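Read through the structure below, which is laid out as structure tokens, and then see the notes.
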Amino acid sequence: MENLIWGTFEQLSEGLEKKQFSSVELTKAFIARTYAIDKSLKAFLNFDEKKTLAEAEASDVRRSRGQSLGRLDGVPVGLKDIFAEKGQRLTCGSRILEHFVSPYDATVVKKLKDAGAVLWGRLNMDEFAMGSSSENSAFQVTSNPWDLDRVPGGSSSGSAAAVAAGEVSLSLGTDTGGSVRQPASMCGVVGLKPSYGCISRYGMVAYASSLDQAGPLARTAGGVAALLQVLSGADPKDSTCARMHVPDYLAAVQSSEGKKWILGVPEEYFGEGLDSEVKSSVEKAIHFYEAQGYIVKPVHLTSLEYAIPVYYIIATAEASSNLARYDGIRYTYRSPRAKNIDEVYDQSRSEGLGEEVKRRILLGTYVLSSGYYDAFYGKAQKVRRLIYNDFMRAFAEVDVLVTPTSPVPAFKKGEKTSDPLAMYLSDLYTISVNLAGLPAISFPCGFTNRGLPIGCQLIGKPWEETTLLSMAYTFEKHHPFNLKIPNL
Amino acid sequence: MMHSEIDIDHLAKLARIELDGHKRETFLNQLQDIVGYCSKVCEAGVENLEPRVHSFSHEGNFWAEDIPEYPEDGVDFLSRNAPEMKEKQIVVPRVL
Amino acid sequence: MTQYEAVIGLEVHVQLKTQSKLFTRAPYRYGVEPNTLVDEVVLGLPGSLPVLNKAAVLKTVQVGLVFDCEIARQCKWDRKNYFYPDSPKNYQISQFDQPLCLGGHVEIELEGPARNIQGKHRKVALNRIHLEEDVGKLTHLGQISWIDYNRAGTPLIEIVSEPDMHSPEEVFAYLKSLVMHLQYVDASDCDMEKGQLRCDANISVRPQGTTSLGTKVELKNLNSISGVCNGVRHEINRQLYAIERGQAVVQETRRWDADKSESFVMRSKEDAHDYRYFTDPDLCPICLSEADIQAQKKTLPEFPFDKQERYLRTLQLPYTVTSVICPDKRLSDFFESALGFYAKNPLGIANWIVNDLLRELAAEDMHQAWKNLKMDPRQVAALVELVDSGILSKQSAKEVFDATFKTGEDPQKIVKDKGLEISVDVDALKIMCAEIIDAFPKPAEEFRSGKEKALNVLKGQVVKHTQGKVPISEVDRLLRELLSQ
């Protein structure tokens, strides 16, 4: 049973269907793996083994009665600790929500339950999804499965690390500026950030509402497609969720001999600051597609230089308002020192929130405050339009853009914690995608000499998730970097 | 860069975050760096561009019919996580 | 000496009467057990998102149309950021720079020189009406404050007037008119005791004849209509007193204490909030087409002042009667429905409604009384018709009214069951008339010599002797017959 954990989603789903093993057996294998390695990996914040096994048992009962709910039925899925699951703690990696138990299910959680998925564990993250390394989690720092001294990326750190380390088959993260793609890239798994409005945000704790999107992670494009199939689509509880027709994502990854797309390579994404090993790996991937008959064209996305400033203005402005509700009054941590109402606010927030969160709240407060709004927030909204227009101009010529996901492979723990701005710069290639609301995928395209995974990013036109999945699938069929197993 | 004056105490008051002396200095320096970096947006030529606030593009309204749903759990909904409650109400040190 | 005039603008918050809250389906009712009408959206739990209530938007559009506002074809939602324990998210979803309704005016009627004379009408200009969510309720007791979030999230419209009123009397008339119109379109019950209508006033004074505005003071906590007028009057005097003593009026927010008839400083200009408004990224803009707006226009009833004009001109009702019926839509609906059954005597019907029906309804809680009302308009019409056609005397009619009001039985049936019809023994009545003529020779003589009015004295005597149980038309006929012999 030990090797069950390294099965791809397709193999596991088929094995369950053919009753080669049960969901309980499969789930127990992942649980055993978690017990064995998570003390050093620290991908899980908490889990409810009894509940999870009960879900697995229920799945097996369904299957034995011929009432399987589909391909996801019985497959263990891990959740970033940002999705509300009724009766489970929902910490967002923050002290201020340490003891909060959600009284309701997020729409994605409800959809996963309805599809028969077995929900295994609550995965570590940077506090309120603010960070790129898990070092902003109030509870623990997750390690990179390929090198325990290094970070797994973030903010969906646990979601990427757990999948890469065989603790769970699939996982769900969130991506506001790269938080699914960047850890996927650093941990050597596939991670998708869908178009804005593709997956309901109801019950997903907000960081920056206009940028946040849930995104699936898996070791294969097929696993990502299977999750997306279940999760995407309209939700009457989320006004920003698109009333879309859900395409057949699974079909997209089963027919790799699809159309030969026109690929754009934006020069700006291969400039200063890009690690040479990352660069050559991504270039190899581009050559692969070219060899497959795709047309490759150089393009320009000159607005890249504004991406990080615009992101940090918009995201922090929204965050300063979204996070105001964590105040020590109704359901969060209340400082025992507080003697009057002002102290309840000031001290509960000061003690309950971490440094990076406070820094971003202060920045967001600043850019919205009287006298600075026009110069910062107002202006950033216009530059956001500029970035969007820039992408649309490129997409008039090409179908898909190819770039590195992260300028560098996984960095050492503590390496960037003292310099917030340096940490922000590691999201350079992923951030514009969120500002423009586009879909993008990161998939493993190689390893460094040290054995660290490298991620290649494909950026698509709005609602072209199928194209991205199909291209990632084509690549992994020829170059199965995603099937390499870390030595843990 | 413009707007380098940051009134950190005013911001902390608006955001309701207590900052002690040491942290106040660190935050102020970091914020000055970040704000300086973010001032780059001021250089962008965007005079004729409409702001882009959302990434969605709905046709028509997104709204619900006025049909009430009585919450299942009522007070329990709140009491489970409340830091302090008395007689079904949240209590705080006196306001005003 | 310089004469000063007051300049007053009002910000009135009105709770909309919808079934569910503005951004979630939890309902709101007043006086319910604390924190029972809450869900994850009301409490702002992590991950919850707002979804707009369509009815709240349409009701606001109706209110805007009543007050002749321009209805926005497109508008958006903004977050108003401030920390306060009654605000679950520490921001309020409101409309900052794109209100649903712009401009418009409220027609007001000032008090007339006497109760039975119509007062002057004028229009008070509105600045805007926008929609927002209400906050929870705080109660302070000893060293702690208690928070009930039941009210949080209830749809609230804010009706902002221009600084276009100049006296407490105008303020009173303005609020009366607002309430009347809002109740007319069933937008709100406007019960100030239940917090369904709340009012803040901006007050300044300036030398008469000047046009620029003086330094304004915002007055809060005006909890009743009389409280508003008293508070405004007090504030005007306070400012005039300051100016008389050569002091400047300070821009500030003051809190009215109705018990002490005194106001106290709440915060100065320097403490003004920085609300950091920005577009709420969780909500889509509202889009309204011309057809949407026209559809709402069609739902509107005849407005009360138009109705009053019609009653005065067409139905020839006295002003006092119209001033009771018209402001209350239920009364005027009842009246018009009765008129539909018997159109010959509008005043007769109106009198029953204004005097008797209203008295009975007011004997208990009005809302409850209307709900429990057993009498219908057709029955009032029937009652008037019975009297007019000589079947029922006016005195007996009172008895019939009371019985119908209590039991809901038709007047016709009550008259029959109780034997109240005027059954006339013409011979006996003729003898009595002859006796009366003999007993009162003076008016009889006067009538014969052409003084028509003298007949009334004789009629009165007949009615007196028969306890009113005779048809007056028959008495009239017999007396004339006898006197002409």
Chain B shape via C-alpha gyration tensor axes, a/c threshold 1.5: oblate
Distance between modelled label sites at C:Leu213 and A:Asp114, nm, 7 Å Cα→Cβ extension: 5.1 nm
Label B:Ser57 and C:Ser473 with points 7 Å out from Cα along Cα→Cβ: what is the distance between them in nm? 7.7 nm
For the stretch C:426-484, take the convex hull of the Cα atoms, compute a quarter of its surface area, and give me that in nm², please. 3.4 nm²
Alpha carbon centroid spacing (whole Å) that separates the stretch A:390-419 from the stretch A:1-67: 34 Å
For the stretch C:242-340, size of Cβ-based charge dipole, Lys and Arg +1, Asp and Glu -1, in debye: 340 debye
Among B:Gln89, B:Pro71, B:His54, whose Cα lies farthest out toward the positive end of the dipole of chain B, if unit charges sit on the beta carbon of Lys, Arg (+1) and Asp, Glu (-1)? B:Gln89
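Give the average over all directions of the projected area of the C-alpha convex hull of the stretch C:182-243, one decimal, in nm².
Averaged projected area of the stretch C:182-243's Cα convex hull equals 5.6 nm².
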If you take each beta carbon of peptide B:24-34 and count the beta carbons of other chains within 10 angstrom, what is the mean? 3
Under 21 Å from B:Lys40, Cα to Cα: lysines that are on another chain or at least 8 residues apart: A:Lys379, A:Lys382
Tell me which aspartates and glutamates have Cα within less than 20 Å of A:Lys19's Cα, excluding those fewer than 8 residues away on the same chain? A:Glu2, A:Glu10, A:Glu55, A:Glu57, A:Asp60, A:Asp73
Ranked output for segments C:340-353, C:128-141 by mean other Cβ atoms within 10 Å, highest leading, reads C:128-141, C:340-353
Sequence order, the stretch A:403-412: Karplus ³J(HN,Hα) from phi using 6.51 cos²θ - 1.76 cosθ + 1.60, θ = phi - 60°, Hz rounded, Gly and Pro as x, gives 8, x, 6, 10, x, 9, x, 3, 9, 6
For chain C: relative contact order, % (alpha-carbon pairs under 8 angstrom, 6 or more apart): 14 percent
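Quote the FRET efficiency, to the nearest 0.05, computed for C:Ser226 versus C:Gln294 with a Förster distance R0 of 35 Å and r equal to the Cβ-Cβ distance.
0.35
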Candidate lysines for bridging to C:Lys453, where Cα separation is under 24 Å - those fewer than 8 sequence places away on the same chain excluded: C:Lys394, C:Lys430, C:Lys442, C:Lys464, C:Lys469
Considering amide H positions built from the backbone, and no H for Pro or chain starts, which residues 5 or more places from C:Arg255, or on another chain, come under 5 Å of its amide H? C:Lys220, C:Phe264, C:Val265, C:Met266
Two-decimal Rg to Rh for the protein assembly as shown - Kirkwood Rh, Cα set: 1.12
Which FRET efficiency value, to the nearest 0.05, is calculated for C:Thr2 and C:Val250 with the Förster distance at 22 angstrom and r the Cβ-Cβ distance? 0.65
Pairwise centroid distance, computed over Cα atoms, of the stretch C:244-304 with the stretch C:107-162, Å: 9 Å
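Taking each residue in A:298-311, count the Cβ atoms of any other chain within 10 Å of its Cβ, then average. What number comes out? Numbers along the way, then the final one.
Numbers: counts 0, 0, 0, 0, 0, 1, 0, 3, 6, 0, 4, 11, 4, 1.
Across A:298-311, the average partner-chain Cβ count within 10 Å equals 2.
Sorted by packing (mean other beta-carbon atoms within 10 Å per residue), highest first, where do A:382-390, C:115-123, A:185-193 land? Please list the in-between numbers first.
Values: A:382-390: 21.7, C:115-123: 12.9, A:185-193: 32.6.
Going from most to least packed, we get A:185-193, A:382-390, C:115-123.
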Here is the link list: A:Lys86/B:Lys88; A:Lys237/C:Lys89; C:Lys220/C:Lys260; A:Lys413/B:Lys23; C:Lys89/C:Lys298. Which ones come out longer than 26 Å on Cα distance? C:Lys89/C:Lys298
Taking chain C and counting helices only, DSSP H stretches of n ≥ 4 at -39,500 (n - 2.57) each over all residues, the nearest-500 ellipticity at 222 nm comes to -12000 deg cm²/dmol
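Using packing as a proxy for protection, rank A:40-48, C:190-198 so that the peptide with the highest average count of other Cβ atoms within 10 Å comes first. Kindly include the intermediate steps, with their values, before the conclusion.
Working: A:40-48: 20.4, C:190-198: 16.6.
In decreasing order of mean packing, A:40-48, C:190-198 become A:40-48, C:190-198.
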Please compute the contact order of the stretch C:4-292 in relative form: average sequence separation of alpha-carbon pairs under 8 Å and at least six residues apart, divided by the residue count, as a percent. 25 percent
Calculate the spin-label point distance for A:Glu14 paired with A:Tyr35, positioning each point 7 Å from the Cα along the beta-carbon direction, and give it in nanometres. 3.1 nm
How much space per residue, in cubic angstrom, does the convex hull of the C-alpha atoms of the stretch B:1-51 take up? 90 Å³
Which values of log₁₀ I(q)/I(0), to two decimal places, follow from the Debye formula for chain C at q = 0.10, 0.11, 0.13 Å⁻¹ with a uniform point scatterer at every Cα? -0.89, -1.00, -1.26
Contact order relative to length of chain A, as percent, for alpha carbon pairs under 8 angstrom and 6 or more apart: 18 percent
Expected integer from the mean partner chain Cβ neighbour count at 10 Å over C:284-297 is 2
About the Cα centre, and with charges only on the beta carbon of Lys, Arg (+1) and Asp, Glu (-1), how big is the dipole of chain A? Nearest 20 debye, please. 760 debye
Sticking to Cα atoms, compute the Rg of chain A to one decimal and its Dmax as the biggest Cα-Cα distance, whole number, in Å. 21.1, 70
Which angle from 0 to 90°, rounded to the nearest 10, does the C-alpha axis of helix B:21-38 make with the longest principal axis of chain B? 70 degrees
Just check the stretch A:356-438 against the gyration tensor rule for me: Cα atoms, a ≥ b ≥ c as the square roots of the eigenvalues, rounded for a/c under 1.5, and otherwise prolate or oblate depending on whether a/b exceeds b/c. oblate
In sequence order, calculated HN-Hα J values of the stretch C:100-114 (Karplus, 6.51, -1.76, 1.60; Hz; x Gly/Pro): 5, 10, 10, x, x, 7, 10, 6, 10, 10, 7, 5, x, x, 9
How would the stretch A:2-255 be classified by its alpha-carbon gyration tensor: rounded, prolate or oblate, with rounded meaning a/c under 1.5 and the a/b versus b/c comparison settling the rest? rounded
Any idea which of A:Ala43, A:Leu483, A:Val296 is furthest toward the positive side of the dipole for chain A, if Lys and Arg beta-carbons carry +1 and Asp and Glu beta-carbons -1? A:Ala43
Chain C, dipole about Cα centre (Lys/Arg Cβ +1, Asp/Glu Cβ -1), debye to the nearest 20: 360 debye
With a Förster radius of 51 Å, plug the Cβ-Cβ distance of A:Met392 and A:Asp419 into 1/(1 + (r/R0)^6) and report the FRET value to the nearest 0.05. 0.90
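Bear in mind that the values in this text are calculations on the coordinates, not laboratory data. Keep in mind the model is a prediction, meaning the values are calculated, not measured. In this analysis, Cβ positions are derived from the backbone assuming ideal geometry, glycine residues included, and neighbour counts consider all displayed protein chains.
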